[in-house]
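The values are calculated or read from the model by the stated rules, or taken from the named source; none is laboratory data. Being a predicted model, the structure only gives us computed values, none of them experimental. Virtual Cβ from ideal backbone geometry, glycine too; neighbours counted across all protein chains shown.
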Amino acid sequence: MLALSKQRGFTLLEIIVVVVIVSVIVSFATLSVGGISTNDRVERTARKIQRAVELGAEEAFLVGHPIGMLISHDAYEYQIYKQGRWENHSRGQLIAPATFKSGIVVEVLEQDLGAQNDTQPNMVFLPDGERLLQTVLLSDVDSDAELTLSPYAGQLLFD
């Protein structure tokens, strides 16, 4: 009789499992090292502001009152105009104050919207769909990355 010899080596299943595990580890390592670039951070913040403007305009239409957006260098919040004055306004998670990523500075280049101070909105959305928008300058404090959003046809668009 022939003696059966023991085979040495790995099965196909074992090799596939090892390849999958190594692929997952390499993917996580690449993501943690790579991060997002400075220009991406500035652009993401600009897109966040664009979405916030759209939400503010929709909110004004839904509630039937003017909605203001007060943008500071590191955050924004919504306000509603009722009984002759502006007051804070939030509803759910979408219509709520939000902060920008650290290291991103936002500046609103204001034009004349009447008497302005630090507590009145620098953008206003009326229930009839009209929008009083301002130019927004975004910059990264760690680099020279800069982006401008300019009002055009009721929207804030990249320059």
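Of note:
- For residue 87, the conditions (1) loosely packed, with under 13 Cβ neighbours inside 10 Å; (2) in contact with a Ser or Thr (Cβ under 6 Å, 6 or more places away or on another chain) are fulfilled apart from (2).
- In segment 36-148, counting only strands (runs of 3 or more DSSP E) that sit wholly within it, none holds 1 or more residues that are of a type in the set (Lys, Arg), at positive phi and modelled with pLDDT under 90.
- Some residue of segment 115-122 being among the aliphatic types (A, V, I, L, M), in contact (Cβ under 8 Å) with a residue 12 or more places away in the chain and either surrounded by fewer than 18 Cβ atoms within 10 Å (Cβ to Cβ) or under 26 Å from residue 42 (Cα atoms) (or both): no
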